[in-house]
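One structure is given here, and the rest of the page talks about it.
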C-alpha cells in the first residue's frame, strides 16, 4: 500500500484508485463498495456508529430538517442531536472533528492525499430515521459520503446548467444567494426534468460526488453516514487574493475612493481617479506569480517547507534576538545559542533557543538589523562562506522560530 494514499486506498480500494483519479476526480461521480471493516479505524469508532452515543459525545451545532424530506436545515446550538432524531427528523452534525480527534486526523490526511489546502475539509454526520431523508438540491462542495449504519439511497444527477458552482447549496425555486446571480445569468438550475441515477448505500459503501450534483436521499432503515465536505478555494479566489496582496503594497490603491458614493463633482472626481487606477490594472495583473497562488491558503508550516532561494522573508517586529558574543578564542567548530524572545503586549517569553555554529553570528546580526523584506539569495550573495542550502536551512529555522516571516505574495515593483 502506498502510505501517501493510505486514506484513499482504505476508502476506495487499491484496485480502483487509478480509475478514480483517471476518470472521476474531481468532476465525476464515483462509488466504491466493500466490507465496512476495510475502512480507516477512525470510521469504525463505536461511538461514531451508535447514534445515541454519538449524540451524547457531540457538543457542536446540530442541524435538522423541517420535515422528513426537506432540504432546508435549521441549525441549533446547545441541544442533544437525539431529540429531533427521535421526532423522525433527519439530523446533520456539522463538524465531528473536535469531538473525534482520529476523524480530524483522517480529514487532514485526506486533504494532503488529494492535494487540497489544509482546513478546507470537515467531517459531518448525517443521521436519518427510517424513511427520512432530504429533498433534491445541490451543494457547492465536493463530498465523500461514507455509509456506516443502515441503508439509504441517493438519487444523483449533474447540474448541467451550472458547472463548478460556488458559494452555497441551492434548491430549485428557492431564494438564491447574491453570488449565484453572476453564475446563472443564463437561467437558474432546475432538476425537474433531469435523469437521475440511483446509488444504494449499504454499510461500507463510499460515494464521491462533485460540487454541482443534484441529490436527494431516502433511508430504508435508520441510517448513519459520515459526510466529508471539501471546499478548496476557487481559481478566482486564489487570483483575487494575490491581486489584493499586490495592490495593498501601493498607497494609491490603499487610499479610499473618497466621494464615490456621493453626487456631482465629488463623485466625478472619484470615478476619474478610479479610471486612472483601472488603466494600470492589466499591467499589475500580469506580474502575478503562479508559484504564489496557493500560498494564502497554505499553512505556515507548508510555506516554510517550500522555501527556496527565491523566497522573500521579513524580520518580525514583535521579536528580539538575544545573541551572546562568542569567546575570543572560539573557532568555526564552536557553537553559539541564539535565543528568540517574543513580545506580546506586556509579556515577554523565550520561544526558541537555537544552537548553531559560531560562524553564523555575523549573519544573525545582519538579519536582526533588517526591517525591509529580503530574499534568501541576498544572504547567499552577502555571506558566500555558507552554501546556498545552508542559508536556506538557516532561514527556515529562523522562520519556524518566529524571528522571520516568509512572505506569501509577490513583490510589487513601484514606479
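The values are calculated or read from the model by the stated rules, or taken from the named source; none is laboratory data. The structure displayed is predicted, hence computed values, not measured ones. Reconstructed Cβ throughout: ideal geometry from the backbone, glycine too, with neighbour counts over all protein chains shown.
Just a few scattered comments:
- Test: residue in the stretch 270-287 that is under 29 Å from residue 387 (Cα atoms) and not in a helix (DSSP H, G or I): no
One line per residue, one yes/no per condition, for (1) in contact (Cβ under 8 Å) with a residue 24 or more places away in the chain; (2) closer than 19 Å to residue 410 by Cβ; (3) surrounded by 13 or more Cβ atoms within 10 Å (Cβ to Cβ); (4) touching a helix residue (DSSP H, G or I) at 6+ places or on another chain (Cβ under 8 Å):
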{"site": "241", "(1), (2), (3), (4)": "yes, yes, yes, yes"}
{"site": "246", "(1), (2), (3), (4)": "yes, yes, yes, yes"}
{"site": "276", "(1), (2), (3), (4)": "no, no, no, no"}
{"site": "284", "(1), (2), (3), (4)": "yes, yes, yes, yes"}
{"site": "290", "(1), (2), (3), (4)": "no, yes, no, no"}
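- Within the stretch 37-59, the only residue that satisfies the criterion of being touching a strand residue (DSSP E or B) at 6+ places or on another chain (Cβ under 7 Å) and either surrounded by fewer than 19 Cβ atoms within 10 Å (Cβ to Cβ) or outside the structural domain of residue 202 (by TED's automatic domain parsing) (or both) is 49.
- Boolean, residue 173 is within 30 Å of residue 285 (Cβ to Cβ) and surrounded by fewer than 17 Cβ atoms within 10 Å (Cβ to Cβ): no
- Residue within the stretch 98-109 that is modelled with pLDDT of 95 or more, part of a loop (DSSP other than H, G, I, E, B) and out of contact with any helix residue (DSSP H, G or I) (no Cβ under 9 Å at 6 or more places or on another chain) present: no
- Of all residues in the stretch 367-386, those being touching a helix residue (DSSP H, G or I) at 6+ places or on another chain (Cβ under 8 Å) and either in a loop (DSSP other than H, G, I, E, B) or surrounded by 17 or more Cβ atoms within 10 Å (Cβ to Cβ) (or both) number 7.
- In the stretch 343-366, residue surrounded by the most Cβ atoms within 10 Å (Cβ to Cβ) [restricted to those that are closer than 24 Å to residue 306 by Cβ and under 32 Å from the mean Cα position of the chain (by Cα)]: 354
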